[in-house]
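Here is the structure we will look at.
The values are calculated or read from the model by the stated rules, or taken from the named source; none is laboratory data. Owing to the predicted nature of the structure, the values given are computational and were not obtained by experimental measurement. Cβ atoms come from the backbone with ideal geometry, glycine included; neighbour counts cover every protein chain shown.
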Amino acid sequence: DATKEIHKNFPEIKIIALTMMNESIYIKKMLEAGASGYILKTVDKEELIRVINKVAAGEKYFSAEVTAQLMNNFSDRSSSQNNPVDILTKREKEILILIAQGLTDKEIAEKVFLSPQTIITHRKNILSKLSLKNKVELTRFAFDNKLIS
């Protein structure tokens, strides 16, 4: 959201995403919001300087890992478009099913041996990936995609 606002109000400012998120959904959202570069926090000092210089010169820049992820996503796009469940990780699918079954965050956490906060984070990621707003929509999605009956 911050990237989108900055890009909208100050289009001359170049934005580089420096993140641990290497999933295509996050990369896509940052690009749509106006980021000029996307690199992972594992980047070394030399590459970071190269990124800053290239973006400052008006170029776009993506780390090798990010480019590979985008290419993988592009080649898998047709199957993902046919089944939106495919964009979720195995753990996210598991948590989605438990949410759709009506379990609370605490109950899910106990069942899958994670903290309630981790479950909340997974839920937020699932909502974001699927462009849904709440647990009701998650439950409907799970039902519509035959994850629950």
Would you call Tyr26 hydroxyl-bearing (Ser, Thr, Tyr), part of a helix (DSSP H, G or I) and within 25 Å of Asn125 (Cβ to Cβ)? yes
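Do we find that Leu114 is under 19 Å from Leu147 (Cα atoms) and outside any helix (DSSP H, G or I) in this structure?
Values: under 19 Å from Leu147 (Cα atoms): no; outside any helix (DSSP H, G or I): yes.
When the stated conditions are applied, Leu114 does not pass them.
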If Val55 satisfies every condition in (1) in contact with a Lys or Arg (Cβ under 6 Å, 6 or more places away or on another chain); (2) modelled with pLDDT under 90; (3) of a type in the set (A, V, I, L, M, F, W, C) but one, which is the exception? (2)
Counting just the residues of the stretch 2-41 that are modelled with pLDDT of 90 or more and of a type in the set (Ser, Thr, Tyr), which one comes out surrounded by the most Cβ atoms within 10 Å (Cβ to Cβ)? Tyr38
Can you find, within the stretch 124-144, the residue that is surrounded by the fewest Cβ atoms within 10 Å (Cβ to Cβ) among those that are among the aliphatic types (A, V, I, L, M) and part of a helix (DSSP H, G or I)? Val136
Cross-chain or 6+ apart pairs with Cβ under 9 Å, the stretch 1-26 first and touching a residue at least 24 places away in the same chain (Cβ under 8 Å) and under 12 Å from Gly37 (Cα atoms), then charged (D, E, K, R) and not in a strand (DSSP E or B): Thr3/Lys29; Leu18/Lys41
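Results for (1) closer than 18 Å to Phe143 by Cα; (2) outside any helix (DSSP H, G or I); (3) at pLDDT below 95, shown as yes or no for each residue.
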{"site": "Asp76", "(1), (2), (3)": "no, no, yes"}
{"site": "Leu96", "(1), (2), (3)": "yes, no, no"}
{"site": "Gly102", "(1), (2), (3)": "yes, yes, yes"}
{"site": "Ala109", "(1), (2), (3)": "no, no, no"}
{"site": "Ile119", "(1), (2), (3)": "no, no, no"}
{"site": "His122", "(1), (2), (3)": "no, no, no"}
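For the stretch 121-133, state whether one or more residues are in contact (Cβ under 8 Å) with a residue 60 or more places away in the chain and within 19 Å of the chain's Cα centre (by Cα).
Yes, there is a match, as at least one residue in the stretch 121-133 is in contact (Cβ under 8 Å) with a residue 60 or more places away in the chain and within 19 Å of the chain's Cα centre (by Cα).
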Residue within the stretch 53-61 that is touching a strand residue (DSSP E or B) at 6+ places or on another chain (Cβ under 7 Å), assigned by TED's automatic domain parsing to the domain that holds Pro11 and without any contact (Cβ under 8 Å) to a residue 40 or more places away in the chain present: yes
Residues (among the β-branched types (Val, Ile, Thr), touching a helix residue (DSSP H, G or I) at 6+ places or on another chain (Cβ under 8 Å) and more than 12 Å from Glu23 (Cα to Cα)) located in the stretch 43-73: Val43
Scan the stretch 10-23 for residues that are of a type outside the set (D, E, K, R), more than 16 Å from Ala57 (Cα to Cα) and part of a loop (DSSP other than H, G, I, E, B) and report the count. 4
